[in-house]
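Notes to accompany the following structure.
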Amino acid sequence: MTKTKTKGNSRRRSGNIGLLIPMYVFTILFVALPILYLFLLSFLQRAQVWGVDFTFTLDNYKRILEPLYLDTFWQSLKLAFTATFFVALIGYPYGYFMARMSAVWKRRMLLLIMIPFWTSALIRLYGWIIVFRSNGVLDKILMGLHLTDQPLKLLYTYPAVVVGMVYSLLPFMILAVYSSAEKLDMSLVEASRDLGASSWTAFWTVSFRLTLPGLLSGVVLSFIPSMGLFFIADILGGNKIVLVGSVIQEQITKGRNQPFAAALSAVLMVLTSVMIRLYRKITGTSQLEGML
Amino acid sequence: MGESILQLQQIRKSFDNTEVLKGIDLEAAQGEFITLLGASGCGKTTTLRIIAGLELPDSGQVILEGRDITDWEPNRRDVNTVFQNYALFPHMNVADNVGYGLKIRKVPKAEIERKVEQALRLVQLEEYGKRMPDQLSGGQKQRIAIARAVINEPKVLLLDEPLGALDLKLRRQMQLELKRLQKQLGITFIYITHDQEEAINMSDRIGVMHEGVLEQLGTPNEVYYQPRTSYVADFVGNANILHKNGETLAIRSENIRMDGESVCTLDAVVVEKSFAGGQLRILFRLADGQLLTASRYGIDNDIQPGETVKIGWDAKDAVKVIDNDKDENQR
């Protein structure tokens, strides 16, 4: 009985390895090779008219050190931090309480998060223009309630970009926190209360501490994309807020300087890798909560 | 028996329109070991959670040292719980787990360290302070959970099937250890189990619960020899429940006689014979169709299935009980 079971298991295991081959091929073809190409490209020169000149240079990286580009990185980081902060502030309670709800309400709350995904992110961002523009929905509501007496002119401002970012990144945070809070054993909270902790102390010493991996993974999952979500800054921030993502896109399309764009991307990638390293060090896990 | 420390008065509780506690009255004395015994779903865990403050009763009072604590938050009660799944904090090492209650109460660090050491010595795990909970065996987790609770010197310690997850050998050993610990500390224990042997081995008094009712509260002797209801007789003593002349009798299998004595007046057909654990068990069918089991040590019994024999019992061994199936009102 036991013997046949083991045999069946080992057969299935060897079958698994066969099934993994397409995944490796896919990863090498579409992830590893493009990244390698990107790094190689970043050490090459831009050709006079079109394409790339195959001569080695470090100029692309030197150029990033120019104040203009350093400032762009700094602005991007600042915006990413700000957006991530608000994403955590809203997303953590949402995800945490969603995990505590009954099965029916869980489904409803999840649906609320999923529905926006049925439409293109671009179209949803144009929706925010209607809200933010002068005499738009927001202004009308605020003026109707006599909270303000003139249009706020929020469109093409920094806050508008932050709102757009937070809006786009919130689902990642919520799902990350949710998957972590879902696993939280409530008897631990009860034990903490039983041992003399107020509900607030029990939350900080037990619940929060045990859902921290979810929060941190949500932070990573929001922070990394927010460095590259240039179209949000473009649509809601006009040309006033320039992010690394926008510069990269501009260098490829308008500047036709692929090597420089590659160098910028490489730096961005290294920065985000450092973030993930940090996350692993703090939480001691290698997996991001909420990612399947 | 010492003075009364904990009282439950007419505790009632319903979940989703199902009444799980139907008016529980219980009084525990200082230093007493009380076991709530019952099958799963009988309401024993809910009773414990109400004492701990993790659940609020719909009506009734919980009184600790003369004060009504029915509505008190769990953290304000001088009561600690050992949870069924231990509920050790996975992100803290053993010492931090054990010292948690003291740290919450802002006890000075040096004193916490001293007391943690003392508590770990009490459960014989002095060397384990730096370990994480997932590096402990089931029995060790159990002891840490106990150390974490008793370090706070509660007036009453609540234990929710603390030995349920352990294997039989370890369970026997822990039963003795727990009993020793309870004597040593002098704390009142309210202990929950569904294992009647465990209850009889450890308790000063046993409360047998059934469908939200405390059927009987008494010493192990009382519960075993003088069951009040047919349920108690069956659950604690595995007794035969017999209906005769409008009365319900509980007769334990070892007291059924078939040795030709004058009390053996009933005709009984042997239905089945089985031998297990050094005991021969014989299932009889009486003339009126009722079944009953007799047990004997050894196998020296030559009666065979299908035979009819005379059986009976001494009048002192037949205990008149209230029939749970028939008479709900008499209880």
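The values are calculated or read from the model by the stated rules, or taken from the named source; none is laboratory data. What you see is a predicted model, and the numbers here were worked out from it, not measured in a lab. Note: ideal-geometry Cβ built from the backbone for every residue, glycine included; neighbour counts use all protein chains shown. What goes into the accessible areas is simple: the full protein's heavy atoms, side chains included, and nothing from ligands, DNA or RNA. Shrake-Rupley method; radii C 1.70, N 1.55, O 1.52, S 1.80 Å.
The table below lists the values:
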| item | result |
| --- | --- |
| Residue tally, condition within 27 Å of the chain's Cα centre (by Cα) and within 7 Å of chain B (Cβ to nearest Cβ), over the range A:187-207 | 1 |
| Residue in the range B:97-104 that is touching an Asp or Glu at 6+ places or on another chain (Cβ under 9 Å), within 24 Å of B:Ile190 (Cα to Cα) and among the aromatic types (Phe, Trp, Tyr) present | no |
| Contacts under 6 angstrom Cβ, first residue in the range A:150-167 being among the basic types (Lys, Arg), partner open to solvent by less than 70 Å² (accessible area, probe 1.4 Å), 6 or more apart | A:Lys153/A:Ser134 |
| Qualifying position, being over 27 Å from B:Asn85 (Cβ atoms) and small (Gly, Ala, Ser), among B:Gly212, B:Gly237 | B:Gly237 |
| Strands (runs of 3 or more DSSP E) contained entirely in the range B:24-130, each with at least 1 residues that are of a type in the set (Val, Ile, Thr) and either within 14 Å of another protein chain (Cβ to nearest Cβ) or free of Cβ contacts under 8 Å to residues at least 40 places away in the same chain (or both) | B:79-82 |
| The range A:212-232 - residue that is modelled with pLDDT of 85 or more and among the small types (Gly, Ala, Ser) and, of those, farthest from A:Ala47 (Cα to Cα) | A:Gly214 |
| Residue count for the range A:236-264, restricted to those that are open to solvent by 30 Å² or more (accessible area, probe 1.4 Å) and farther than 19 Å from A:Asp53 by Cα | 5 |
| Failed criterion for A:Ile130 (all others in (1) assigned to a helix (DSSP H, G or I); (2) under 19 Å from A:Ala83 (Cβ atoms); (3) touching a helix residue (DSSP H, G or I) at 6+ places or on another chain (Cβ under 8 Å) hold) | (2) |
| Scan of the range B:103-113 for residues that are closer than 17 Å to B:Asn93 by Cβ and surrounded by fewer than 13 Cβ atoms within 10 Å (Cβ to Cβ), ordered by number | B:Lys109 |
| Options A:Leu154, A:Leu184, A:Leu147, A:Leu210: the member that is surrounded by fewer than 23 Cβ atoms within 10 Å (Cβ to Cβ), within 14 Å of chain B (Cβ to nearest Cβ), in contact with a helix residue (DSSP H, G or I) (Cβ under 9 Å, 6 or more places away or on another chain) and in a loop (DSSP other than H, G, I, E, B) | A:Leu184 |
| Residue that is open to solvent by less than 30 Å² (accessible area, probe 1.4 Å), outside any strand (DSSP E or B), in contact with a Phe, Trp or Tyr (Cβ under 9 Å, 6 or more places away or on another chain) and at pLDDT 90 or above, where the choices are B:Ile200, B:Ile144, B:Ile190 | B:Ile144 |
| Residue in the range B:5-18 that is within 24 Å of B:Ala199 (Cα to Cα), small (Gly, Ala, Ser) and open to solvent by less than 50 Å² (accessible area, probe 1.4 Å) present | no |
| Looking only at the range A:198-207, and only at residues there that are in contact with a helix residue (DSSP H, G or I) (Cβ under 9 Å, 6 or more places away or on another chain) and assigned to a helix (DSSP H, G or I), the one that is most open to solvent (accessible area, probe 1.4 Å) | A:Ser199 |
